[in-house]
Amino acid sequence: MALIEDLDALEAKAKDLIASANSAEKLEAARIALLGKKGEVTALMHMMGKVAPEERPVLGKRANELRRMVETMLQRSSENIKREAMRSLMATEAVDVTLPGARPTIGHQHLINQIKEEMEDVFCGIGYTVEAGPEVETSWYNFTALNAPMDHPSRSARDTFYVVDNAPGSVAHPEEHAHGESDVLLRTQTSGTQIHIMEHQKPPIYAIVPGTVYRPDTADACHLPQFNQVEGIVVDEGITFGDLKGTLDYFAKCMFGADRKTRYRPHFFPFTEPSCELDVSCHVCGGKGCSFCKHSGWIEILGCGMIDPNVLVNCGLDPERYTGFAFGIGVERVAALRYDLPDLRTLMTGDMRFLEQF
Ligand code: DAH
């Protein structure tokens, strides 16, 4: 009879154990405690061998029922736990496929780069190469080799960002040492790349060089301390001012429209002789005069001229054999003229409401 009571007690204990196992791990622990090799139900089953033969059928049946019941309870509980786990997973990781997706913002090229590439296209189309040059430059390349006198005002620290003043041994060019020059600066113009190109390439040279330049100007509607230029250089035998005009007229019409007139106004640059600025007829008034063109009918777009023989000599080229022309275009200026931008600073702020328009 004692065994019957043990069976009853074990049944109650098994029910409690299984009911309180609320995770797969706890349920597995309960299974081992009851049905494992050393489990309590297993132990009871083993005791059946020692039971008196007349009691064996009753007790044996009862013990078998208990074992089957424990197995069924474990099975059900395991299914419940799995179902619960799935339910909570579905609740937390549910995806509403009907919701609109989060669209990634797809950017596009900045206006300045668009204009730069457009200019590259125009000049590549007439056989020019596109070159690059250093933004950190020496005074030899930025000024002296370009025929700028030692007392030229643009050399002053008010107009040029100097990185290293007169640092002995900081630059390698023998000409600079010959001139006692070793100033390192942020280039104020891309014109120094003319010198680099002529040093490394023999004529014929037909090249443009887009690049960033720096000047210690406070940013305002018309000035930026950092802006972009596209330099152009042509050196060959028999190049004349007619070639300069034909090339730049073609460029102006490509960039601003076939109906635009051009005008070459005398100017001075140390590295070209003669030098001039190119004006394009105002697109707002068609040349009649308006507030946009300051009532002149013309808008200035670039500086240009025939390369000064001194510059050719500085680069080891014979000015009796070679002639050439050069030009420098302000990229921000072209952008401002194209789109009638009232303030150049908008190009630097990264304000998407402005930039997305182009
Ligand atoms: N470097 C000049 C500037 O920054 C622009 C320029 C003028 C470039 C005449 C040239 C040129 O190559 O021939 O204002």
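Derivation of every value follows stated rules applied to the coordinates shown; laboratory data play no part. For clarity, every value in this text was computed on a predicted model and none was experimentally measured. Glycine gets a Cβ as well: all are built from the backbone with ideal geometry, and neighbour counts include every protein chain shown.
Tabulated results
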{"quantity": "Estimated inter-spin distance, M86 and E117, nm [label 7 Å along Cα→Cβ]", "calculated": "5.3 nm"}
{"quantity": "Label point 7 Å beyond Cα of M348 along Cβ direction - residues of the stretch 204-237 with amide nitrogen under 12 Å", "calculated": "213-228"}
{"quantity": "Residue order, fewest to most beta carbons within 10 Å, for I205, I195, I126, I106", "calculated": "I106, I126, I205, I195"}
{"quantity": "0 to 90° range, to nearest 10: angle between helix 2-20 axis and the chain longest Cα axis", "calculated": "20 degrees"}
{"quantity": "Cysteines without a disulfide-compatible neighbour (Cβ-Cβ under 4.7 Å), the chain", "calculated": "C124, C222, C254, C276, C304, C315"}
{"quantity": "Potential extension, D249-K61 segment - 0.36 nm per residue separation minus Cα distance", "calculated": "56.6 nm"}
{"quantity": "Student exercise, the stretch 1-43 dipole from Lys, Arg, Asp, Glu Cβ charges, in Debye to nearest 20", "calculated": "220 debye"}
{"quantity": "Cα-based reach from K245 at 20 Å (exclusive), listing lysines while leaving out same-chain residues under 8 positions away", "calculated": "K253, K261"}
{"quantity": "Cα-based helix-to-principal-axis angle, 56-92 vs the chain, degrees rounded to 10", "calculated": "20 degrees"}
{"quantity": "For the chain: rounded, prolate or oblate by the Cα gyration tensor [a/c cutoff 1.5]", "calculated": "prolate"}
{"quantity": "Rounded Å value of the spacing that divides the Cα centres of the stretch 180-212 and the stretch 3-35", "calculated": "89 Å"}
{"quantity": "Three-way shape label, the stretch 234-353, alpha-carbon gyration tensor, a/c 1.5", "calculated": "prolate"}
{"quantity": "About the Cα centre, charge dipole magnitude for the stretch 26-101 (Lys/Arg +1, Asp/Glu -1 at Cβ), debye", "calculated": "380 debye"}
{"quantity": "Ascending count of other beta-carbon atoms within 10 Å, so fewest first, for R103, R68, R187, R260", "calculated": "R103, R68, R260, R187"}
{"quantity": "Structure-based [θ]222 nm, the chain - -39500 (n - 2.57) summed over DSSP H runs of at least 4, per residue, nearest 500", "calculated": "-12500 deg cm²/dmol"}
{"quantity": "Point-to-point label distance, E199-M47, nm (Cα→Cβ direction, 7 Å offset)", "calculated": "10.2 nm"}
{"quantity": "Candidate lysines - alpha carbon under 20 Å from K37, same-chain residues fewer than 8 apart omitted", "calculated": "K13, K15, K26, K50"}
{"quantity": "Acute angle (nearest 10 degrees) that the helix 241-256 long axis makes with the longest principal axis of the chain, alpha-carbon atoms", "calculated": "40 degrees"}
{"quantity": "Neighbour-count order for F358, F268, fewest beta carbons within 10 angstrom listed first", "calculated": "F268, F358"}
{"quantity": "Using θ = phi - 60° and Karplus 6.51 cos²θ - 1.76 cosθ + 1.60, couplings along the stretch 93-99 (whole Hz; Gly, Pro as x)", "calculated": "9, 5, 10, 8, 6, 8, 6"}
{"quantity": "Among Y128, S296, I208 - extreme Cα towards positive end, dipole of the stretch 111-355, charges at beta-carbon", "calculated": "S296"}
